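Chemist: Pasting a structure below so you can have a look.
The values are calculated or read from the model by the stated rules, or taken from the named source; none is laboratory data. The structure presented is a predicted model; accordingly, all values stated were derived computationally and were not measured. Using ideal geometry, Cβ is built from the backbone for each residue, glycine included, and neighbour counts are taken over all protein chains shown. Side chains included, ligands, DNA and RNA excluded: accessible areas come from the protein's heavy atoms. Shrake-Rupley method; radii C 1.70, N 1.55, O 1.52, S 1.80 Å.
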Amino acid sequence: MTDFSEPIEGSWTEHYLQVRQKSLQLCKPLRPEDHVPQAAVFVSPAKWHLAHSSWFFEEFVLKANVTGYQPYHPDFNFLFNSYYNSVGSRTLRHNRGLITRPDVQEVLEYRQYIDDHMVELLQGASSAPLALVELGLQHEQQHQELLLTDIKYLLHQNPILPAYQNGAAPEFNRSGASGYAVLDQGLHTIGYAGQGFHFDNEKSQHNVYCERTEVSRALVSNGEYLEFMDAGGYRHFRHWLDEGWKQQQESGLEAPLYWHLRDGQWFCYTLAGLEAIDLEAPVCHINFYEAAAFASWRGMRLLTEFEWEAIQHQLDWGTRWEWTHSAYLPYPGFETAAGAVGEYNGKFMMNQMVLRGASLATASGHSRATYRNFFPPDASWQFSGIRLAKR
């Protein structure tokens, strides 16, 4: 089974090359044709991920810090910029799958060109902008998780449902946790404090008042979610938020993403291909609306992101991103950084819900208690699950 998350050790050059190599390793099981298609507007082709993560270093590190640096190709800023308005126009997001040229080989040559210049910068006598290099590496690790989820979504669109990898399905992990953890009433300190890397949306540290509550130590399982489905959970509006019910009615959703009913038995598409549902494994690829509806049906609720952070040390977490009932908003004292890097997080603080924890695809350095992931409430292609609290 592929280890999607690896620790980083060694010098800055080793650190840089290890992260960069990981992206290539994730693409190793792919055929050239697998790198090109864009299966939906919310996913990106593998080739685009490989190029965009390289473009980040070229645009924000090399151009600004290497005298006389020559960009690899004049069109690549337009092709592989994602959402940075500060650095010029870009191709429309839904057209990324139309970028048949450059081909995969040229994108790999582009990556090598960037790596050669980055290694020279990191090993040079002049001081490299290490904070910006680290942001680029953290950015690439985020794209590695997106890369894996996008590959899974793409392969699932193939009529023969090909497997990404051989061996056991990593989605069918079990934790064995049971019972409830207790969160005490009172003020709890939220947010990052320390010298290590963190994103701007994790600051500033502040106090939040939480009522006493009891939180399930176990994530909701496939078997529990199947009970919700069998009870008509997708057919009755009373447990759904209005926007979620509307989306569910328009999409015809009747089961989690990747679930297939065949001859009366439920299967789900995994990274190892189509497999019979493991009833004991945590349910996966749930959107916020589904999570909230399930919680209502069970007579329970989702945690707020503040409750999650305050009680996370009592929980077994890290295999599913856990939906919270918290909108993605700035913390007190949040400031948008100057320049293009200021577009990294702040401008998305609207119409998004916060997920906490980590997933089986998350880089180890991103599995920290203060990390704030965020997606629209109808997003389900990430490795997301459900944790419940008592009302």
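Chemist: Name the residues whose placed amide hydrogens come within less than 5 Å of the amide hydrogen of S384, ignoring near sequence neighbours (fewer than 5 apart) on the same chain.
Modeler: Residues meeting the amide H criterion: H285, I286, W321.
Chemist: Can you give the extra length, in nm with one decimal, that the chain gains between Q21 and A168 once fully stretched, where that is 0.36 nm per residue apart less the Cα-Cα distance?
Modeler: Working: separation 147, 0.36 × 147 = 52.92 nm, distance 2.39 nm.
Full extension of this stretch gives 50.5 nm more.
Chemist: Further question: Quick one, what does Rg over Rh come out to for segment 20-99 if you take C-alpha atoms and the Kirkwood Rh? Before the final figure, lay out the partial values.
Modeler: Working: Rg = 13.5 Å, Rh = 13.6 Å.
Using Cα coordinates only, the ratio equals 0.99.
Chemist: Would you kindly compute the Cα radius of gyration of the chain and its largest Cα-Cα separation (Dmax), both in Å?
Modeler: Both quantities, over Cα of the chain: 21.5, 67 Å.
Chemist: Using mean Cβ contacts within 10 Å as the protection proxy, how do 162-174, 358-370 order, highest first?
Modeler: Details: 162-174: 16.2, 358-370: 19.4.
Highest to lowest by the protection proxy: 358-370, 162-174.
Chemist: How far apart, in nm, are the 7 Å Cα→Cβ label points at S178 and T67?
Modeler: Distance between label points: 6.9 nm.
Chemist: Moving on to the next point. For R368 paired with T100, estimate the spin-label separation in nm (one decimal), with each label point 7 Å from Cα along the Cα-to-Cβ line.
Modeler: Label-label distance for R368 and T100, simple model: 4.4 nm.
Chemist: Subtract the Cα-Cα distance of D263 and Q205 from 0.36 nm times their separation in residues, and report this length gain in nm to one decimal. Please list the in-between numbers first.
Modeler: Working: separation 58, 0.36 × 58 = 20.88 nm, distance 5.28 nm.
Fully extending the segment from D263 to Q205 adds 15.6 nm.
Chemist: According to a simple spin-label model (label point 7 Å from Cα along Cα-to-Cβ), what is the distance in nm between E214 and S11?
Modeler: Inter-label distance under the simple model: 5.6 nm.
Chemist: Could you work out the percent of alpha carbon pairs in segment 145-290 separated by over 24 Å, rounded to a whole number? Can you show the working numbers first?
Modeler: Numbers: 5601 of 10585 pairs.
Roughly 53 percent, rounded to a whole number.
Chemist: Taking amide H positions as placed 1.01 Å from N in the peptide plane, with prolines and chain starts having none, which residues 5 or more places from T213, or on another chain, fall under 5 Å of its amide H?
Modeler: Amide H to amide H, under 5 Å and 5 or more residues apart or across chains, T213 pairs with L183.
Chemist: Contour minus end-to-end for M349 and V119, with contour as 0.36 nm per residue of separation and end-to-end as the Cα-Cα distance? If you can, show how the numbers build up before the last one.
Modeler: Working: separation 230, 0.36 × 230 = 82.80 nm, distance 3.49 nm.
So the extension gain works out to 79.3 nm.
Chemist: Probe radius 1.4 Å, ligands and nucleic acids left out: which of W48, W12 has the largest accessible area, and how do the rest follow? Don't jump to the answer; show the numbers that get you there.
Modeler: Working: W48 5, W12 90 Å².
Order by accessible area, largest first: W12, W48.
Chemist: Roughly speaking, what is the centre-to-centre gap between segment 207-228 and segment 337-391 when only Cα atoms are used, to the nearest Å?
Modeler: Value for the Cα centre distance between the two parts: 18 Å.
Chemist: Ignoring ligands, DNA and RNA, please state the percent of accessible area on the chain from carbon and sulfur, probe 1.4 Å.
Modeler: Result for the chain: 50 percent of the exposed heavy-atom area is carbon or sulfur.
Chemist: Specify, per residue and in Å³, the volume enclosed by the convex hull of the alpha carbon atoms belonging to segment 236-296. Working shown, then result.
Modeler: Values: hull volume 6.3 nm³, N = 61.
About 104 Å³ per residue, rounded to a whole number.
Chemist: Still on this model: Give me the accessible area per residue for segment 205-358, probe 1.4 Å, as a whole number in Å².
Modeler: Numbers: 6800 Å² over 154 residues.
On a per-residue basis, 44 Å².
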